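See below for the structure under consideration.
Taken together, the values in this text are just the output of simple stated rules run on the coordinates, not laboratory data. Remember, it's a predicted structure, so these values are computed and weren't measured experimentally. When we count neighbours, we look across all protein chains shown, and the Cβ atoms used for this are built from the backbone with ideal geometry, even at glycine.
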Amino acid sequence: MPAFIRDANGVLSVSGVSLADIAAQYGSPLYVYSGDGIRNDYRRFAGAVGPAGGRVHFALKANSALGVIALLAHEGAGADIVSGGELARALAAGIPASKIVFSGVGKAADEIAAALDAGIGQINAESPQEVEAISQIAASRGIKAPVALRVNVDVTPQTHAKISTGQRSTKFGVSTAQNEAANLYRQIAADPHISAAGLAVHIGSQITSLDPFEQAYRALLDFGTALRAEGLDVPVLDLGGGIGVDYEAGEACDFTDYGALVSRLFADSGFILGFEPGRSIMANNGVLLTRVIYVKDGDNKRFVIVDAAMNDLLRPTLYEAHHAIQTVQSPGPGIGPADIVGPVCETGDYLGQGRDMPQLGAGDALAVLSAGAYGAVMASSYNTRPPAGELLVMDGTCHVLRRQRTVAELLAEETVPDF
Ligand SMILES: *Cc1c(COP(=O)(O)O)cnc(C)c1O
């Protein structure tokens, strides 16, 4: 069942709280998350991969609100991070350092040092240069860094180009095509300042077929098995994230088939498995709440101009992503297709195009659905618009996770030279 549903009066609601009431009390634009939904979906994911024996590290880059991470930490989740900033967030939200995996192609020396000093569980290295940097920083501290190697198994994930990471033409991982990855893993295993932690893949995001996963996981399993046959220690196979979600109906993900796939592939393989879901836990547990400013009839098109914009939710214009957009109140008679656009001065500033909308007037609240992942985290203050705040509804109670900054606060962050 979707986390956001219509109540007996036809009003969109979450955990029994009406979004109309939330809009009235907390204003807009505002991200609203379902804590109950996040908890359920995390538990369902952990349950689906549980039989295969895995560690779940929530990918913070999908949604890194401290309140969201803390909720997942409470459920036992670890974290997959991609920066020193996310390291600080994961630790602040109560995720133990030992349950944190550090991914990404460009970890800077200060970020590696901070991760090692915190006692991080695993660093997924992506190049010989990075392995060398980690080794040196570990040596200077007299410790052994836990390093896994992210490999590139050249799989096309059949998703949007900007979120495809599995092909050899991308910047991600070390190719297994020649001996490059095997040689680097041998070097990792022999390095006195590194403890070899295993192998990792992550082929992309919003992947809606199991085939690319199966291809990549088989290749990873073969590669790991070959390294083990040489006598090398390969404790973990980290399978990344990437499970696609339903952006049309907003239904929660069904992880059953994915869980069955990993059980089938890795049963009795003796590897510890790692998982890094982000979008599949969060996307359908969040909406962007916005209100109509004007309905403008253009020459041959109608525009619904709302108070949320591309600075709040970049996905439609960045990825041509589709987000369902619904009225919070029970919808009235249809008025035909309209573009739902923000006030930002860019033609690319739209939340939806050519949508059949009901009658709307100024002040009416709309919900942009499936906005819980890669929404608030990508927000900016473009056009000096303070990005939307974030609110979590759990067990019928609203918790403000982050209030919207004021323009005065934005200006106060800057300094003007004394000309
Ligand atoms: C982005 C990312 C994830 C999460 O991907 P989702 O599609 O949100 O599940 C996991 N692992 C790595 C290394 C990533 O970069």
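General observations
- Each part reduced to its alpha carbon centroid, the range 345-419 and the range 34-66 end up 25 Å apart.
- Helical mean residue ellipticity (222 nm; -39500 (n - 2.57) per DSSP H run of 4+; nearest 500) of the chain: -8500 deg cm²/dmol
- P(r) tail for the chain: Cα pairs beyond 29 Å make up 48% of the total.
- For the range 333-419, the equivalent ellipsoid derived from the Cα gyration tensor has semi-axes of 30, 21, 12 Å, listed largest first.
- Remark on ASN63: its backbone amide H falls under 5 Å from those of TYR374, a criterion applied only to residues 5 or more positions apart or on other chains, H modelled at 1.01 Å from N.
- Segment HIS322-ALA109, length gained on full extension (0.36 nm per residue, minus Cα span): 72.9 nm
- Approximating the spin labels as points 7 Å out from Cα along Cα→Cβ, the TYR382-to-ARG228 distance works out to 4.7 nm.
- The chain: most fluctuating residue of TYR382, TYR33, TYR258 per GNM, C-alpha cutoff 10 Å: TYR382
- Kirkwood-based shape ratio for the range 35-282, expressed as Rg/Rh from alpha carbons: 0.94
- Measuring between alpha carbons in the structure, the pairs from LYS144/LYS171; LYS61/LYS144; LYS61/LYS301; LYS61/LYS107 lying more than 25 angstrom apart are LYS144/LYS171; LYS61/LYS144; LYS61/LYS301.
- Dividing the Cα radius of gyration of the range 1-127 by its Kirkwood radius returns 1.07 for Rg/Rh.
- Convex hull (Cα only) mean projected area of the range 219-339, reported in nm² to one decimal: 11.3 nm²
- Working from Cα pairs under 8 Å separated by at least six residues, relative contact order for the range 165-218 is 31 percent.
- The range 268-419 pair-distance distribution - Cα-Cα, 10 Å bins, rounded %: 10, 35, 30, 15, 7, 3, 0, 0
- The range 84-198 - Kirkwood radius from inverse mean 1/r over Cα pairs (Å): 14.7 Å
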